[in-house]
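Have a look at the structure below, then the notes.
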Amino acid sequence: MRKQKLVVWIILAITLVLGFVVWIGSPFAEMAAAYKAKTLCSAAFVSGREIDSGSLEDVSTGDLSFLRFFQTKIDRENQSVTVSLLGLNAATAVYRKGIGATLAISKTLEELKSENLPILEPLPASSAKPWPDGDQVDVTLSSTDIDSKKLNQLVDSAFAEPENPGKTRAVVIVYDGRIIVEKYAPGFSADMPLRGWSMAKSVTGALIGILVKEGKLSLENDGLFKEWQSAGDPRKAITLDNMLRMSSGLDFNENYSVDPKGDIAMMLYRSGDASGFALQKQPLRPPGTYFQYASATSNLLSRLIRETIGSDEVYHSFPKHALFDRIGARSAILERDATGTFVGSSFIYATARDWARLGLFFANDGVWNGERILPEGWVDYSRTPAPADPRGKYGAHFWVKIQNSENNTPLPKGIFHMSGHEGQYVSILPEEKLVVVRLGFTLDSQSWDQEKFVAGVLEVIAKHPARKSRG
C-alpha cells in the first residue's frame with residue numbers, strides 16, 4: 001500500500017515538473033515576459049518610477065500576480081529591461097529619448113539603439129506662465145465661486161483607502177480654462193508621465209484630423225493601403241470614416257484576457273510590427289455595417305499616417321510638432337514598435353496636466369490660443385455616435401458614453417471621453433467648460449465609476465455664476 005502511494009506521488013511530481021517545463025517554454029510565458037519588460041521599461045525611463053526590485057504593482061497584483069515569478073534585469077546604462085523565467089523566454093525592452101520604450105522584437109537591442117534618429121527634446125518648462133500656457137497652477141478658489149471644501153472632499157474620496165480598490169493615481173479638474181483642483185497618490189506627481197493605454201486612440205484620431213485639415217487625407221478615402229488594392233479585395237472599400245468609427249468590418253478579437261494567442265497579445269507583445277499584424281486581418285462583415293471596437297484599427301491608422309507623410313524623419317516628430325508642442329503638452333510621448341510605427345492604439349504617456357491640456361484642446365473645438373489645429377467640425381464629428389454602433393456609445397476614436405457603464409448616471413448631452421485600460425479617463429464637457437482627468441490602476445472595472453465622479457463634480461460647481469448664467 002505504501003509503495004502504491006509512493007508511486008502515485010512520484011507520478012504526480014513528474015507530471016507537475018513536466019507541466020511546468022512545458023509552461024515556461026510556452027507562448028504564454030513569452031507574452032508574459034514581454035508584457036513585464038515593456039511595462040517596467042516605460043515605468044522606469046518614461047515615468048521615472050522606482051522599479052529596482054521589479055515588483056511594481058503594475059506587474060505583481062491581481063490577475064498579473066504570476067508575473068512576480070519572472071526575473072527582472074534592469075540595465076541603467078543601456079536603459080533597458082530584460083525579463084525571463086528561469087533564464088528562458090527572455091524579453092527585452094529598451095528606452096530611447098523622445099521615443100519611449102520599445103520591445104526588441106524582430107530587431108535586437110543593439111539595432112534599436114543604433115538607429116540614427118533625431119532626439120526630440122521636450123519644450124522647456126515655463127513655470128512663470130499660468131497653466132495651460134505654462135506650468136504655474138493656483139488652485140486657490142473663492143468660496144463665493146465654488147465650494148472648494150466640498151470639491152476637495154470629493155477628490156479626496158477618489159484616493160481613500162481601503163475603500164479605494166480602484167487605485168487612483170491622479171485627478172485633475174479643469175473648469176473654465178484653469179485647473180481648480182489636482183491630487184496625486186503617494187509616489188506620483190504632477191511631473192510624472194503616466195500611461196493612458198487606449199487614450200492613445202483619441203490622440204491618433206486627432207493626428208488624422210490634422211492631416212485632413214492639411215488636405216492630405218479625406219474621410220471618404222478608400223483603398224487605404226496598397227495591400228488592400230488588388231482586384232476583388234473587399235478591404236478596398238473600407239473608408240477612413242469606417243476606420244475612425246470602428247466600423248471597418250475586419251476580424252479582430254479585442255480580448256484582454258491572458259490568452260497568448262489572442263489578437264491583442266500577439267499584436268502588442270509578440271509582434272515587432274503592430275500595424276503589419278493588423279494589416280493581415282480579413283473582412284468579417286461589409287464596412288460600415290457593424291461596430292467592433294478594435295485596437296488593430298488604430299494601429300492601421302498609425303501606419304496610414306506614416307505612409308501619408310512619406311518621410312520617416314517627419315513622421316518621427318509628427319505627434320510632437322503637429323500637436324503636443326502646439327498645446328504645450330511637452331511630456332506627451334507616443335511610443336513606437338520595432339519598425340518605427342507609433343503604437344497608436346495603446347502606448348502613450350503624459351502627465352495628468354498634459355492629459356488635461358489635451359482635454360481642454362478638444363473642449364475648445366481643436367483650437368488653441370486662437371489657432372485652429374483640427375478641422376472645423378472635427379470635434380463634433382468625433383463625439384457623434386457611430387451609425388453602426390447600436391448602443392450609441394462610440395463616436396470617432398472617442399467614447400460618447402463610458403464603455404462599461406450602465407447609463408444610470410445622467411450627464412449633460414455633448415460629453416465625450418478619452419478612455420483607456422485600467423481606468424484612464426479624460427472626460428470632456430465643452431458646454432460645461434469642464435474637463436475631468438482620472439488616472440489609475442483599476443484592475444476591476446467595477447471599482448471606479450467615472451460617470452458618477454463627473455456627476456459629483458458637476459453637482460459641486462452647479463452654483464458657479466458662470467454656469468448659472470448659461471442655464
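The values are calculated or read from the model by the stated rules, or taken from the named source; none is laboratory data. The structure presented is a predicted model; accordingly, all values stated were derived computationally and were not measured. A quick note on method: Cβ atoms are made from the backbone with ideal geometry, for glycine too, and the neighbour counts reach across all protein chains shown. The protein model used for the area step is the full one, side chains on, heavy atoms only, and it has no ligands, DNA or RNA in it. Shrake-Rupley method; radii C 1.70, N 1.55, O 1.52, S 1.80 Å.
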Item checked: Dipole-positive endmost among 309, 70, 425 within the chain (Cβ charges, Cα centre) -> 70
Item checked: Cα-based radius of gyration of segment 387-466 once divided by 2.2 N^0.38 Å, which approximates compact folds -> 1.10
Notebook entry, point to check: What Rg and what Dmax come out for the chain when only alpha-carbon atoms are used, in angstroms?
Noted result: 23.2, 88
Notebook entry, point to check: Over the Cα atoms of segment 205-303, how large are the radius of gyration and the largest Cα-Cα distance (Dmax), in Å?
Noted result: 13.4, 41
Check: Taking Rh as the Kirkwood radius, which is the inverse of the mean 1/r over Cα pairs, what is the Rg/Rh value for segment 137-240?
Finding: 1.22
Check: Of 209, 242, 223, which is farthest on the positive side of the dipole of segment 200-306, counting Cα position, with +1 on Lys and Arg Cβ, -1 on Asp and Glu Cβ, and the Cα centre as origin?
Finding: 209
Next item on the list: Please tell me the relative contact order of segment 193-314 in percent, rounded to the nearest whole number, where contacts are Cα pairs under 8 Å and at least six residues apart.
Entry: 26 percent
Notebook entry, point to check: Taking the Cα centre of the chain as the origin, how large is its charge dipole in debye, to the nearest 20, when only Lys and Arg (+1) and Asp and Glu (-1) carry charge on their Cβ atoms?
Noted result: 660 debye
Next item on the list: With a 1.4 Å probe and every protein chain kept in, tell me what percent of the accessible surface of the chain is carbon plus sulfur.
Entry: 53 percent
Check: How big is the gap, in Å, between the Cα center of segment 76-102 and the Cα center of segment 174-251?
Finding: 27 Å
Note to self: Given Cα positions, please report Rg to Rh for segment 340-410, the hydrodynamic radius being the Kirkwood one.
What the structure shows: 1.01
Note to self: Give the residue list of trypsin sites (Lys or Arg not before Pro) in segment 80-162 that are DSSP loop and have at most 15 other beta-carbon atoms within 10 angstrom.
What the structure shows: 97
Margin query: Tell me which trypsin sites (Lys or Arg not before Pro) from segment 373-405 have a DSSP coil assignment and no more than 16 other beta carbons within 10 Å of their own.
Written below: 391
Check: What's the extension gain from residue 50 to residue 225 if we count 0.36 nm per residue and subtract their Cα-Cα distance?
Finding: 58.8 nm
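Suppose the chain between residue 106 and residue 367 were pulled fully straight at 0.36 nm per residue; how much longer would it get relative to their current alpha carbon spacing? Display every interim value, and only then the final one.
Values: separation 261, 0.36 × 261 = 93.96 nm, distance 4.01 nm.
Result for the pair: 90.0 nm of gain on full extension.
Pairs of Cα atoms under 8 Å, at least six residues apart: use those to get the relative contact order of the chain, whole percent.
17 percent
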Checklist line | the chain, helix-only ellipticity at 222 nm - DSSP H runs n ≥ 4, -39,500 (n - 2.57), divided by all residues, nearest 500 | finding: -9000 deg cm²/dmol
Margin query: In Å, what Kirkwood hydrodynamic radius results for segment 281-341 from the alpha-carbon pair distances?
Written below: 13.6 Å
Next item on the list: For residue 431 paired with residue 326, estimate the spin-label separation in nm (one decimal), with each label point 7 Å from Cα along the Cα-to-Cβ line.
Entry: 2.7 nm
Check: For segment 57-113, max minus min Cα coordinate along each principal axis, in Å, sorted largest first?
Finding: 33, 24, 21
Note to self: If you count only protein heavy atoms and use a 1.4 Å probe, how large is the accessible surface of residue 417, to the nearest 10 Å²?
What the structure shows: 0 Å²
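Mind checking the dipole of segment 279-375: about its Cα centre, +1 per Lys or Arg Cβ, -1 per Asp or Glu Cβ, Debye to the nearest 20?
200 debye
For segment 354-433, what is the accessible area per residue in Å² when the probe is 1.4 Å?
38 Å²
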Next item on the list: Can you tell me the 0 to 90 degree angle between the C-alpha axis of helix 450-461 and the longest principal axis of the chain, rounded to 10?
Entry: 20 degrees
Next item on the list: Enter the mean projected area of the convex hull around the alpha-carbon atoms of segment 82-212, in nm², rounded to one decimal.
Entry: 13.4 nm²
Note to self: Suppose a student asked you for the relative contact order of segment 67-151, using Cα pairs under 8 Å spaced at least 6 residues apart; what percent would you report?
What the structure shows: 14 percent
